[in-house]
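These notes are about the structure you will find just below.
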Amino acid sequence: MPYEGQQASKRGHIDIVKNDDVKKFLSECTYLTHPGDQAGEVIAALYQQAPVCTELPRLVIASDGSTYSEAIDKKFPSTQVGYVKTSFMAFDMGDYNGLVKPGSQFVDPYAAASLHNRARAVAFTLPGSNVRYKGLQVQDGFRQAVYEQLSDERTQIPRGGFSVKDMLYHLEGGQIVIEKCPSCGAAGSHVFKKGEDERDCSSCKAVVYVTDSLRIHEQISDQGDNSSAITRFMNAVEHLQLATLLKAMADNSLSTVSSAAIMVDGPLALFGQPARYHASIQAFYNKLFERCAAADLPPPLIMGLQKDGMVMEHARALSSHLKSGTFCPISDEYRAKFINGIAPLTDNFGHETYYGQDFIYKTDSGRIFDLCLAYPFANKQNRKEFSRQKAAPQNYDRWLARAFALIRHLEFDLYENSVVPVALAHRHASISLSPGGTLLDVLTRKHLS
Ligand SMILES: [Zn+2]
């Protein structure tokens, strides 16, 4: 994801908030502002002492994604190709510890560079506007490219085996139904099962793929900007690849997955057309938590970290009022009252998209984090009750202290309000020109046996 300001407007900068028309308009609006001292104290009183432990995960996997949409020929700016890169950093905590020189609070840049060199990327190339893949219509070509690339070697674990495409079946209980033809729109169910990934539409004869259930192609137009579809693809594929990695690890050794932490850049959520899969990812992780509990093992830490967005902006504005070493879950009431400044829009924030709960945490050293922990519930039945339970800290007893310990261990002056692995994954995703590899390369043989 781009850092703030990375995609600046092409137009010149005009200070419109100083414009009289705009000032008048804003006088009739409600919006988030800096909390005054009194309001800051009221909110800070909701924060509680963060639980402490010294237990750290043995394996950390951090991820970040980047997208590029670019004209193939500068003379034809509307003819574009999309490129998505998902970068993963996996390291054993023992290796990481060498990163800090004894007695110093700073990261050894050489050790950081060597860790960075171990980041692995999986890249996807997609047709954008005006590009006909294999002679198909733009949207149909996009569907085929998504199917091919989510099935092929780049996401298979083990090699020649289980891919992100197969993970879709696993998430949805073995069968996926698409209600209408994605090409001509003709009604009629297309039923997919493992090994039966393609179906022909009886009306238009187009091939329908199981990966069409992600519905990303719906945002693709023949002409015009397709960068939002490419961004949706990146968001979905990053979360699906992490779930695929965890499944592969769990199938080999539950104790490896139990001692692992996943750190995603951004919230634990799937947005836009692929959002339906957020629910089955939530269920999948909860099944994994239960399997660990049944084996008397701690559940893995699955965490999103946001460096921007409304929660983070609120947290930064509030930070001076907060005591170090405190935290607060962002309940729907909190979000409505202090962040959005308006009544809740739904019974349950993120009902269609989120599979994790936001917490604001101020570390002992005074840095502020917005972390998102996977919901410890298999589903969201009963919206109102779920909205209450998801923000009750006692439901996160198995994770909170470990999550805070991990953040404290990985925070460094070098990376303001970020942690080293996520910052390195971000750097790898955004600037490294290394070619894409396979998801299998993210883990060493040791992690898969
Ligand atoms: Zn059709």
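The values are calculated or read from the model by the stated rules, or taken from the named source; none is laboratory data. Note that this is a predicted model, so its numbers are computed, not measured. Quick reminder, even Gly has a Cβ in these numbers, built from the backbone with ideal geometry, and neighbours come from all protein chains shown. These accessible areas exclude ligands, DNA and RNA; they are computed on the full protein's heavy atoms, side chains included. Shrake-Rupley method; radii C 1.70, N 1.55, O 1.52, S 1.80 Å.
Here are a few things to note about the model shown:
- Bridging of LYS18 to aspartates and glutamates at a Cα separation below 17 Å is possible for GLU28, once same-chain residues fewer than 8 apart are set aside.
- At a Cβ-Cβ separation cutoff of 4.7 angstrom, cysteine residues of the chain with no neighbouring cysteine are CYS29, CYS53, CYS292, CYS328, CYS372.
- According to the Cα-based calculation, Rg over Rh for region 154-207 is 1.06, with Rh computed by the Kirkwood formula.
- Exposed-loop-free span, longest in the chain, where trypsin sites (Lys or Arg not before Pro) count as exposed if DSSP calls them loop and at most 16 other C-beta atoms lie within 10 Å: 206-322
- Of THR256, THR54, THR125, the residue with the greatest mean-square motion in the GNM of the chain, using alpha carbon springs below 10 Å, is THR54.
- With both residues required to sit in the chain, DSSP beta bridges show an antiparallel share near 85%.
- The alpha-carbon of LYS287 sits under 18 angstrom from the alpha-carbons of these aspartates and glutamates, leaving out residues fewer than 8 places away in its chain: ASP166, GLU172, ASP251, ASP296, ASP397.
- Using alpha carbons only, the radius of gyration of region 14-171 set against its Kirkwood radius gives Rg/Rh = 1.13.
- Taking all protein chains into account, the per residue accessible area for region 131-222 stands at 45 Å² (1.4 Å probe).
- Pairwise label distance in nanometres, SER253 with GLN137, each label 7 Å out on the Cα-Cβ vector: 5.0
- Given a 1.4 Å probe and the protein chains as shown, SER430 ends up with an accessible area of around 40 Å².
- Ligands, DNA and RNA excluded, the heavy atoms of HIS321 present near 30 Å² of accessible surface to a 1.4 Å solvent probe.
- Full extension of the chain segment joining ARG291 with ASP73 gains 73.3 nm, where the gain is 0.36 nm per residue of separation less the Cα-Cα distance.
- Separation of the alpha carbons by more than 30 angstrom is noted, of LYS85/LYS307; LYS247/LYS390; LYS193/LYS307; LYS180/LYS337; LYS247/LYS380; LYS165/LYS205, for LYS193/LYS307; LYS180/LYS337.
- Largest mean-square fluctuation among TYR47, TYR354, TYR285, in a Gaussian network model of the chain whose springs join Cα atoms under 10 Å apart, belongs to TYR47.
- Net charge of the neighbourhood of GLY266, taken over other residues with C-beta under 11 Å away and scored Lys/Arg +1, Asp/Glu -1, is -4.
- Note on the chain: with neighbouring protein chains present and a 1.4 Å probe, carbon and sulfur make up 52 percent of its accessible heavy-atom surface.
- Mean shadow area of region 131-222, taken as a quarter of the surface of its Cα convex hull (nm²): 6.0
- Residues in region 267-310 average 34 Å² of solvent-accessible surface per residue, probe 1.4 Å, ligands and nucleic acids excluded.
- Largest to smallest principal axis extent of the C-alpha atoms in the chain, angstrom: 65, 64, 49
- Mean-position separation - Cα centroids, region 179-257 and region 110-127, in angstrom: 25
- Full extension of the chain between SER27 and ASP441 gives 143.6 nm of extra length, using 0.36 nm per residue less the Cα-Cα distance.
- Fully extending the segment from GLU196 to ASP222, taken as 0.36 nm per residue of separation minus the present Cα-Cα distance, adds 6.5 nm.
- Only protein heavy atoms count here; on that basis, with a 1.4 Å probe, CYS204 has an accessible area of about 50 Å².
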